[in-house]
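Enquirer: This is the structure, below, for whatever I ask next.
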Amino acid sequence: MLLDTETKELLAKYSSENSTPTTADFWKIVSQVAKDPEYFKHYFSSAKAFSKYLEISQKGPQINENQFFSITSDFLSTPLNNSALSWKGEIQIYLGEQDPLIDPIKESILWKKVFPQALIHILPNKGHFPHLEELLS
C-alpha cells in the first residue's frame with residue numbers, strides 16, 4: 001500500500017500508543033487508505049469475492065468523498081438515543097467470522113447489550129462485508 005509520509009507517521013503513532021485517533025487524524029488516514037483499491041482485499045475472506053467486488057465496483061459511480069465523510073461523521077457523532085434503545089422489534093445482525101476489523105464474538109456481546117432481542121449470525125468464511133460476500137459467492 002502506498003501511503004504518504006504523514007499517514008505512515010499517524011498510523012505508527014496510534015499503533016504504538018494504542019489510542020484512538022482524533023477525528024481529523026482519522027479522516028487523514030481513511031482518505032489515504034481508501035485511495036488504494038488493494039487495501040479493500042483485506043475486508044474479504046477470499047480473493048475470488050474480492051475480484052468480483054472489484055469488477056462490479058469499477059462499473060459503478062465512484063464514492064463521493066464529501067458525502068462519505070458527512071454521513072460517517074454524522075453516524076460516529078450520534079449517540080444511541082432512548083428511542084433506539086427502546087426498540088423491541090426483531091433485529092438480525094450478520095457478522096463475518098473472518099472479519100479483520102472486528103472480533104465477531106466481542107461485537108455480538110456489545111450488540112446483545114444494546115438489543116437483547118437481536119438474533120446474531122456469525123457467518124463462516126466471511127469477512128467484514130458478509131452481506132456482499134454472500135451475494136458474490
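Enquirer: Mind checking whether some residue in segment 65-77 is outside any helix (DSSP H, G or I) and either at pLDDT 80 or above or of a type in the set (S, T, N, Q) (or both)?
Expert: Checked against the condition, which is being outside any helix (DSSP H, G or I) and either at pLDDT 80 or above or of a type in the set (S, T, N, Q) (or both), segment 65-77 yields no hits at all.
Enquirer: All but one of (1) surrounded by 11 or more Cβ atoms within 10 Å (Cβ to Cβ); (2) modelled with pLDDT of 80 or more; (3) charged (D, E, K, R); (4) within 22 Å of residue 132 (Cα to Cα) hold for residue 55; state the number of the condition that does not hold.
Expert: (1)
Enquirer: Moving on to the next point. Identify the residue in segment 93-110 that is free of Cβ contacts under 8 Å to residues at least 12 places away in the same chain and part of a helix (DSSP H, G or I) and, among all such residues, is surrounded by the fewest Cβ atoms within 10 Å (Cβ to Cβ).
Expert: This residue is 106.
Enquirer: Can you say whether residue 47 is surrounded by 13 or more Cβ atoms within 10 Å (Cβ to Cβ), closer than 24 Å to residue 103 by Cβ and small (Gly, Ala, Ser), as far as the supplied structure shows?
Expert: No, not satisfied.
Enquirer: Quick check on residue 61: is it farther than 30 Å from residue 125 by Cα, modelled with pLDDT under 80 and assigned to a loop (DSSP other than H, G, I, E, B)?
Expert: no
Enquirer: Looking at segment 27-41 only, could you name the residues that are surrounded by 13 or more Cβ atoms within 10 Å (Cβ to Cβ), in contact (Cβ under 8 Å) with a residue 24 or more places away in the chain and either within 19 Å of residue 133 (Cα to Cα) or not β-branched (Val, Ile, Thr) (or both)?
Expert: 27, 31, 32, 34, 39
Enquirer: Now for a different question. Looking for something surrounded by fewer than 12 Cβ atoms within 10 Å (Cβ to Cβ) and touching a residue at least 24 places away in the same chain (Cβ under 8 Å) - is there at least one such residue anywhere in segment 111-122?
Expert: Within segment 111-122, one or more residues are surrounded by fewer than 12 Cβ atoms within 10 Å (Cβ to Cβ) and touching a residue at least 24 places away in the same chain (Cβ under 8 Å).
The values are calculated or read from the model by the stated rules, or taken from the named source; none is laboratory data. All values derive from a computational prediction rather than experimental measurement. Every residue, glycine as well, gets a Cβ built from its backbone with ideal geometry; the counts of neighbours run over all protein chains shown.
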